[in-house]
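Asker: So that we are looking at the same thing, I have put the structure below in structure tokens.
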Amino acid sequence: MSDFEGFEFNVDDAGSDNTAIPKGDYPCVVTTCEKKKSQAGNDMIWLELEVTGDKYAGWNLRKPFMLWAENQEHLGYAKADWARLCKATGFGNDNPPKNAHDLHGKAFIVSVAIEEAEADSDYGDSNKIVGFKPLEKKSAPKAADLPPSMVESKESSQSEKAATNKPSL
């Protein structure tokens, strides 16, 4: 008996339209950040993100950081990208992450580009992470932004205080 009994599908219907999200900036959260070995046997940091915004929520993005590359040019790019990621997630020179796991659950904005598939590829276009930015911090609403029932004027708060204080003799 098949697990898919009664379910009909055609693999030709899959197409390749949904292989990448459009170029742009997306809010996301770190789901995986770990030190591991590349296929070549070199140490690296492997980062996986999940898009959390209204558009493309649940989409997964990935990026390797070759922080131990022997090629100095590649190492320079990797270190600069890592520094931008750390800054976007709230880490700095005075409080760097102690290990890769410290980034789990951190939220920020990721800038995504599209990398076109090679002509002979069975896969469609893919996304490439090209930047990191901190989330915009929302400030507390100003009194002018609050409904009138929530605005406390200085006069009313002072008169209420005076009314609750007992007179001294």
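The values are calculated or read from the model by the stated rules, or taken from the named source; none is laboratory data. What you are looking at is a predicted structure, and each value in this text was computed from that prediction instead of being measured. No Cβ is skipped: glycine too gets one built from the backbone with ideal geometry, and neighbour counts run over all protein chains shown. Surface areas here come from the heavy atoms of the whole protein model, side chains and all, with no ligands, DNA or RNA. Shrake-Rupley method; radii C 1.70, N 1.55, O 1.52, S 1.80 Å.
Asker: When the convex hull of the C-alpha atoms of segment 1-134 is computed, what volume per residue in Å³ does it have?
Answerer: Taking only Cα atoms, segment 1-134 has a hull volume of 179 Å³ per residue.
Asker: OK, next. For the pair ALA40/ARG84, report the inter-label distance in nm, with labels modelled 7 Å from Cα in the Cβ direction.
Answerer: A separation of 2.1 nm, rounded to one decimal place.
Asker: In addition: How many times 2.2 N^0.38 Å is the alpha carbon radius of gyration of segment 40-100?
Answerer: Taking the Cα Rg and dividing by 2.2 N^0.38 Å, one obtains 1.29.
Asker: Can you give the log10 of the normalised intensity I(q)/I(0) at q = 0.28, 0.29, 0.33 Å⁻¹, computed with Debye over equal Cα scatterers of segment 19-62?
Answerer: Reported log10 I(q)/I(0), two decimals: -0.94, -0.97, -1.14.
Asker: Using a 1.4 angstrom probe on heavy atoms only, work out the carbon and sulfur share of the accessible area of segment 1-143 in %.
Answerer: 49 percent
Asker: Going through the cross-link list LYS23/LYS63; LYS55/LYS98; LYS55/LYS79, which pairs have a Cα-Cα distance over 26 Å in this structure?
Answerer: Correct reply: LYS55/LYS98; LYS55/LYS79.
Asker: Using r as the Cβ-Cβ distance of ALA113 and PHE7, and R0 as 41 Å, what FRET efficiency do you calculate, to the nearest 0.05?
Answerer: Using R0 = 41 Å, I get an efficiency of 0.65.
Asker: Further question: Would you report the distance distribution of C-alpha pairs in segment 78-140 as whole percents per 10 angstrom bin, up to the bin with the largest distance?
Answerer: Bin by bin from 0 Å, the calculated values are 19, 39, 25, 14, 3, 0.
Asker: Report the extension gain between LEU135 and GLU70 in nm, rounded to one decimal, defined as 0.36 nm multiplied by the number of residues separating them, less their alpha carbon distance.
Answerer: Full extension from LEU135 to GLU70 adds 20.1 nm.
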